[in-house]
Every structure is written in C-alpha cells, then in structure tokens.
Amino acid sequence: VARVPYFAYMSVLHLYETLGLQRKADWIKVHYAEADNELHHLLIMEHLGGADRFLDRLVARNAAGVDYWIVVALYMASPRGAYHLSQLIEEHAYDSYSDFMAQNEAALRAQPAPDVAKKYYMGDDMYLFDAFHTAIPQ
C-alpha cells in the first residue's frame, strides 16, 4: 500500500506528459525511487512474517487498488493535497515501524538482517536514495 501514491503520481505525470501538458521527468524519476524504496521496506517486512496471513495480503491488495484511484483523483485535483496525504501516511508508517521495532527489539536483534535489506542498504546501487532522503531548506 505504501508504494501506491508514487505509482499514482507517476501515472498522472506520464499522462500529463503524453498530452503535452507538463514535462516533469525529474519528478517521475524521484517518485520511482520512492516506490523502489517502499518495495524494499515491503520485502523486509515480508521476510519478517508480514505476509504470512492470507487475510492480511487480501486486505492490503484490495486497499491498494482503491487507494490508487483515490490518489490519482486527488493528485489531478490538487498535487499539494496528494503530497500532504502522502506525508501523513509516511508519518503514520514511521510511528508504526518505530513501535514494531521497540516491541520486537530483542527478537529482531537476535536474527540476522534479511539479505534483501543488506543488499538494498549496503549495496552499490543506491538509486536516488539520497535524492528523497535529503531535505533541502526552501
């Protein structure tokens, strides 16, 4: 579900570019990198057991489908509003991940880091990782 806003943004930006309304290839590139980052969070959580229950997967997939169209409509109506919604979701995710880590710290420290995490965070390909993890004061 966390990748959905970035897919929605890219879809709208591709549409606008196709129609000749906007040219924001740099935004598409950063949103792709954000989606890739969320993919790796998903893969890590799945490794930790986050995809073990069928009902969880079913709800997440259906929520993602509905969320996609909501974000597409919102982004077309108000990009600022869509980005604000994404910020709120990211803040909630941060709080959820922090709570999960605090509640499971001993168990997490007792196991090795998933290979997907080591490859993503310590590998040579940091595809735009710094581009969306670096805030530039305006």
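Coordinate-derived values only; no laboratory data. Note that the structure is predicted; figures quoted are calculated from it, not measured. Glycine gets a Cβ as well: all are built from the backbone with ideal geometry, and neighbour counts include every protein chain shown.
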| query | Relative to the compact globular guide of 2.2 N^0.38 Å, what is the alpha carbon radius of gyration of the stretch 1-75, as a ratio? | reply | 1.26
| Could you give the length gained on full extension between Leu19 and Ile70, defined as 0.36 nm per residue of separation minus the Cα-Cα distance, in nm? | 16.2 nm
| query | Residues with beta-carbon under 14 Å from that of Leu13, excluding Leu13: net charge, scoring Lys, Arg +1 and Asp, Glu -1? | reply | 0
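Around Leu74, under 11 Å between beta carbons, what's the net of Lys plus Arg minus Asp minus Glu among the other residues?
Surrounding charge for Leu74 is 0.
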| task | Give me the net charge of Val4's neighbourhood, meaning all other residues with Cβ under 10 Å from the Cβ of Val4; Lys, Arg count +1, Asp, Glu -1. | result | -1
| request: For the chain, calculate the relative contact order in percent as a whole number, restricting contacts to Cα pairs under 8 Å that are 6 or more residues apart. | output: 34 percent
| 10 Å binning of all Cα-Cα separations within the chain, expressed as whole percents from 0 upward | 10, 35, 36, 15, 3, 0
| Which ³J(HN,Hα) values in Hz, rounded to whole numbers, follow from the phi angles of the stretch 87-94 under the Karplus curve 6.51 cos²θ - 1.76 cosθ + 1.60, where θ = phi - 60° and Gly and Pro get x? | 4, 4, 5, 4, 5, 5, 4, 4
